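K.L.:
Dumping the structure here so I can ask a few things about it.
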Amino acid sequence: MSPTEQIDWREAALQADAAMKAASVAWIVDVDIVYSSVIALSLAPRIKEFAISAAKLGDRVYVHRRGRPTLTGVSILSGVILEGTGLVTEDGKVEIYHVIPGVGVGQTLTIPLRLIGNRPGA
């Protein structure tokens with residue numbers, strides 16, 4: 001788009017509205033990200049992949065916490081960062097991007113999630 005072109009914001013909003021109405025929730029799945037440590041895991045960006053048979057390439061995946069993360073059974077209030085969207089890398093496979101706090105030897109970190117797959121309309 002050149003600097004002299006103008007966007008028709010009303011038309012753009014109508015197109016976005018139509019696309020959203022044409023899309024529908026295709027699947028909802030509850031999953032847990034779990035890390036059990038034999039060695040200490042440090043704070044670092046990570047990817048967790050889930051096998052979700054209903055997921056299709058092109059689905060939009062929304063990530064929601066469905067409970068507090070726990071570290072060895074005790075709720076933790078900070079340190080977990082989730083990207084609000086996931087990625088379907090191929091049919092049946094969903095990746096979730098996240099950062100976790102340090103997990104010490106003998107500890108287990110559990111992050112309960114709900115994934116919602118929204119499929120664009122044809």
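K.L.:
Name the residues in the range 96-109 that are assigned to a strand (DSSP E or B) and either among the small types (Gly, Ala, Ser) or modelled with pLDDT of 95 or more (or both), would you? Lay out the reasoning, then the answer.
P.N.:
Here is the first cut: in the range 96-109, the residues assigned to a strand (DSSP E or B) are 96-99, 103, 108-109.
Scanning the range 96-109 gives Ile96, Tyr97.
K.L.:
Any residue at all in the range 9-20 that's among the small types (Gly, Ala, Ser) and touching a residue at least 60 places away in the same chain (Cβ under 8 Å)? First the steps, then the outcome.
P.N.:
Restricting attention to the range 9-20, the residues satisfying the condition of being among the small types (Gly, Ala, Ser) are 12-13, 16, 18-19.
Subset that is touching a residue at least 60 places away in the same chain (Cβ under 8 Å): 19.
Yes - at least one qualifying residue is present in the range 9-20.
K.L.:
Pairs under 6 Å by beta carbon, first residue closer than 15 Å to Leu57 by Cβ in the range 111-122, partner not in a strand (DSSP E or B), six or more apart or different chains?
P.N.:
Gly117/Ala55; Gly117/Asp59; Asn118/Ala23; Arg119/Asp59; Pro120/Ala23
K.L.:
So Ile47 ticks every box in (1) assigned to a loop (DSSP other than H, G, I, E, B); (2) in contact with a strand residue (DSSP E or B) (Cβ under 9 Å, 6 or more places away or on another chain); (3) surrounded by fewer than 17 Cβ atoms within 10 Å (Cβ to Cβ); (4) of a type in the set (A, V, I, L, M) but one. Which box is left unticked?
P.N.:
Ile47 satisfies all of (1) assigned to a loop (DSSP other than H, G, I, E, B); (2) in contact with a strand residue (DSSP E or B) (Cβ under 9 Å, 6 or more places away or on another chain); (3) surrounded by fewer than 17 Cβ atoms within 10 Å (Cβ to Cβ); (4) of a type in the set (A, V, I, L, M) except (1).
K.L.:
If we keep just the residues of the range 20-44 that are surrounded by fewer than 13 Cβ atoms within 10 Å (Cβ to Cβ), of a type in the set (S, T, N, Q) and under 25 Å from Val105 (Cβ atoms), which is modelled with the highest pLDDT?
P.N.:
Ser36
K.L.:
Let me ask another. Please specify each residue of the range 96-108 satisfying the condition of being over 18 Å from Val63 (Cα atoms) and buried (at least 19 other Cβ atoms within 10 Å of the Cβ).
P.N.:
Taking the range 96-108 as the starting set, the residues that turn out to be over 18 Å from Val63 (Cα atoms) are 101-108.
Val103, the sole residue that qualifies.
K.L.:
With the requirement that a residue be more than 13 Å from the chain's Cα centre (by Cα), surrounded by 13 or more Cβ atoms within 10 Å (Cβ to Cβ) and either not charged (D, E, K, R) or not in a loop (DSSP other than H, G, I, E, B) (or both), what does the range 81-92 give you?
P.N.:
First, the residues of the range 81-92 that are more than 13 Å from the chain's Cα centre (by Cα): 90-92.
Cutting the leftovers down to surrounded by 13 or more Cβ atoms within 10 Å (Cβ to Cβ) gives us 91-92.
Residue satisfying the conditions is Gly92 alone.
K.L.:
Separate question: Within the range 99-122, is there a residue that is touching a helix residue (DSSP H, G or I) at 6+ places or on another chain (Cβ under 6 Å) and closer than 30 Å to Ala16 by Cβ?
P.N.:
Here is the first cut: in the range 99-122, the ones touching a helix residue (DSSP H, G or I) at 6+ places or on another chain (Cβ under 6 Å) are 121.
Now drop any that are not closer than 30 Å to Ala16 by Cβ, which leaves 121.
Yes - at least one qualifying residue is present in the range 99-122.
Okay, residues lined up against (1) modelled with pLDDT of 95 or more; (2) surrounded by fewer than 16 Cβ atoms within 10 Å (Cβ to Cβ); (3) assigned to a strand (DSSP E or B):
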| position | (1), (2), (3) |
| --- | --- |
| Ala55 | yes, no, no |
| Arg68 | no, yes, no |
| Gly79 | no, yes, no |
| Val94 | yes, no, yes |
| Ile116 | yes, no, yes |
| Gly121 | no, yes, no |
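The values are calculated or read from the model by the stated rules, or taken from the named source; none is laboratory data. None of these values were measured; they are calculated from a predicted model. Glycine also receives a Cβ, built like all others from the backbone with ideal geometry; neighbour counts cover every protein chain displayed.
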